[in-house]
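*Asks:* Below is a structure I'd like to ask you about.
The values are calculated or read from the model by the stated rules, or taken from the named source; none is laboratory data. These numbers come from a predicted model, not from an experiment. Positions of Cβ are backbone-derived with ideal geometry, glycine not excepted, and every protein chain shown enters the neighbour counts. These accessible areas exclude ligands, DNA and RNA; they are computed on the full protein's heavy atoms, side chains included. Shrake-Rupley method; radii C 1.70, N 1.55, O 1.52, S 1.80 Å.
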Amino acid sequence: MLLKINNLDVALGGLHILHNVSLHVNEGELVVVVGANGAGKSTLLRTVSGMNGCMSGTVDFMGQEIQNKKAYHIASKGLCMVPEGRQLFAELSARDNLLIGAYHYRSDKKRVMDNLEKVYNLFPVLKKNESRIASTFSGGEQQMISIGRGLMSEPKLMMIDELSLGLAPLVIQNLFDIIKQLNKTGISILLIEQNARQALQIADRAYVLENGHIVITGTGEELLNDESVKEAYLGL
């Protein structure tokens, strides 16, 4: 098991956000967590990646407990996060934003350039415009930079927070196709997503997070056909 979260409790600003949350990601899986705004989805990823602490529970990554560890320590072990809203360095070029992802092995120039070329093969528009300032790219292209920056870290598990946020339908479909493609190359993925229908269609397994609690689990197909999920999240 690549990632195992067990009985996780998190409080922020005096508010109890996550309650006894347990989930796991097996090697090679694409796992989705869906839920409404304020359910605690982003808090979950931020806690796993070391940006939030937890009150209790464990987060096990590749056989080692990482809860309450420093974010840079966790990232160096092969766990990366593509954050909500992209969070690029807006005044740096696309290339420089990508190179930041290679920070922990930056002295190995060949390795850096090999990985950069892999990202450019996946996103040709970034190679064509590598010198452009990040803030001048469209929302979808900025999401490509954010995903590419994560890939530069050579992740064993990529966590993606709200892939489709604020993007046009055609762009969203393209990005979901890319996520499926990355998963087929062997990268395990934990995807947090409000667009429940498209997310569940590509998921091996899925969880519904509601008010900080995991309330439903199953395969992506099972949740797509679950009447309570249809009513609450699919508009059916």
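*Asks:* Write out, first by first residue and then by second, each pair whose Cβ atoms fall under 8 Å of each other, whose residues are 6+ apart or on separate chains, and whose first residue, in segment 86-110, is under 22 Å from Ser164 (Cβ atoms) while the second is open to solvent by 90 Å² or more (accessible area, probe 1.4 Å) and of a type in the set (Ser, Thr, Tyr).
*Replies:* From residues that are under 22 Å from Ser164 (Cβ atoms), the pairs are Ala94/Ser131.
*Asks:* Just to be sure before I move on: is Val10 open to solvent by less than 10 Å² (accessible area, probe 1.4 Å) and farther than 28 Å from Lys180 by Cα in the structure I sent?
*Replies:* Yes: the conditions hold for Val10.
*Asks:* Inspect all residues belonging to segment 31-40 and state whether any of them is under 30 Å from Glu130 (Cα atoms) and either modelled with pLDDT of 95 or more or open to solvent by 60 Å² or more (accessible area, probe 1.4 Å) (or both). Spell out the reasoning first.
*Replies:* Quick first cut of segment 31-40, residues under 30 Å from Glu130 (Cα atoms) only: none.
The answer is no; no qualifying residue exists.
*Asks:* Another question, then. Within the set of pairs 6 or more residues apart or between chains, which connect a residue that is closer than 21 Å to Leu182 by Cβ inside segment 123-142 to a residue that is of a type outside the set (A, V, I, L, M, F, W, C) and part of a loop (DSSP other than H, G, I, E, B) with Cβ atoms less than 7 Å apart?
*Replies:* Correct list of pairs: Gly139/Gly166; Gln142/Arg86.
*Asks:* I'd like to verify a number: residues in segment 157-194 that are in contact (Cβ under 8 Å) with a residue 12 or more places away in the chain, surrounded by fewer than 19 Cβ atoms within 10 Å (Cβ to Cβ) and in a loop (DSSP other than H, G, I, E, B), how many?
*Replies:* 5
*Asks:* Quickly run through segment 71-81 and pick out the residues that are open to solvent by 30 Å² or more (accessible area, probe 1.4 Å) and among the aliphatic types (A, V, I, L, M). Spell out the reasoning first.
*Replies:* Looking only at segment 71-81, we keep the residues that are open to solvent by 30 Å² or more (accessible area, probe 1.4 Å), and these are 71-73, 75-77, 81.
Once the filter is applied, which keeps residues that are open to solvent by 30 Å² or more (accessible area, probe 1.4 Å) and among the aliphatic types (A, V, I, L, M), segment 71-81 yields Ala71, Ala75, Met81.
*Asks:* Considering segment 2-59 alone, what residues qualify as being part of a helix (DSSP H, G or I) and not polar (S, T, N, Q)?
*Replies:* Let us first name the residues in segment 2-59 that are part of a helix (DSSP H, G or I), namely 41-48.
Hits for segment 2-59 are Lys41, Leu44, Leu45, Arg46, Val48.
*Asks:* Oh, and also: Which residues, taken from segment 82-101, are under 20 Å from Ile189 (Cβ atoms) and open to solvent by less than 40 Å² (accessible area, probe 1.4 Å)?
*Replies:* Val82, Pro83, Arg86, Leu98, Gly101
*Asks:* Which of the numbered conditions does Leu116 fail, given that it passes all the others? Conditions: (1) of a type outside the set (Val, Ile, Thr); (2) surrounded by fewer than 17 Cβ atoms within 10 Å (Cβ to Cβ); (3) part of a helix (DSSP H, G or I).
*Replies:* (2)
*Asks:* Condition first: touching a strand residue (DSSP E or B) at 6+ places or on another chain (Cβ under 7 Å), open to solvent by 10 Å² or more (accessible area, probe 1.4 Å) and within 17 Å of Arg95 (Cα to Cα). Now tell me which residues in segment 125-156 satisfy that.
*Replies:* Listed by number, the residues that qualify are Glu130, Ser131, Arg132, Ile133, Ser153.
*Asks:* Let me ask another. Yes or no: Glu27 open to solvent by 50 Å² or more (accessible area, probe 1.4 Å), more than 16 Å from the chain's Cα centre (by Cα) and of a type in the set (Asp, Glu)?
*Replies:* No: the conditions fail for Glu27.
*Asks:* Right, here's the next one. Looking only at residues that are out of contact with any helix residue (DSSP H, G or I) (no Cβ under 9 Å at 6 or more places or on another chain) and in a helix (DSSP H, G or I) in segment 72-113, which one is nearest to His24 (Cα to Cα)?
*Replies:* His73
*Asks:* Report whether or not Val208 is in a helix (DSSP H, G or I) and either on the phi < 0 side of the Ramachandran plot or within 12 Å of the chain's Cα centre (by Cα) (or both). Explain how you work it out, then say what you get.
*Replies:* On the way: in a helix (DSSP H, G or I): no; either on the phi < 0 side of the Ramachandran plot or within 12 Å of the chain's Cα centre (by Cα) (or both): yes.
For Val208, the condition - in a helix (DSSP H, G or I) and either on the phi < 0 side of the Ramachandran plot or within 12 Å of the chain's Cα centre (by Cα) (or both) - is not met.
*Asks:* Okay, moving on. Just wondering, is there one or more residues in segment 125-143 that are under 14 Å from the mean Cα position of the chain (by Cα) and either of a type outside the set (D, E, K, R) or modelled with pLDDT under 95 (or both)? Explain how you work it out, then say what you get.
*Replies:* Residues of segment 125-143 that are under 14 Å from the mean Cα position of the chain (by Cα), as a first pass: 143.
Those still in the list that are either of a type outside the set (D, E, K, R) or modelled with pLDDT under 95 (or both) too: 143.
Yes; the residues of segment 125-143 include at least one that is under 14 Å from the mean Cα position of the chain (by Cα) and either of a type outside the set (D, E, K, R) or modelled with pLDDT under 95 (or both).
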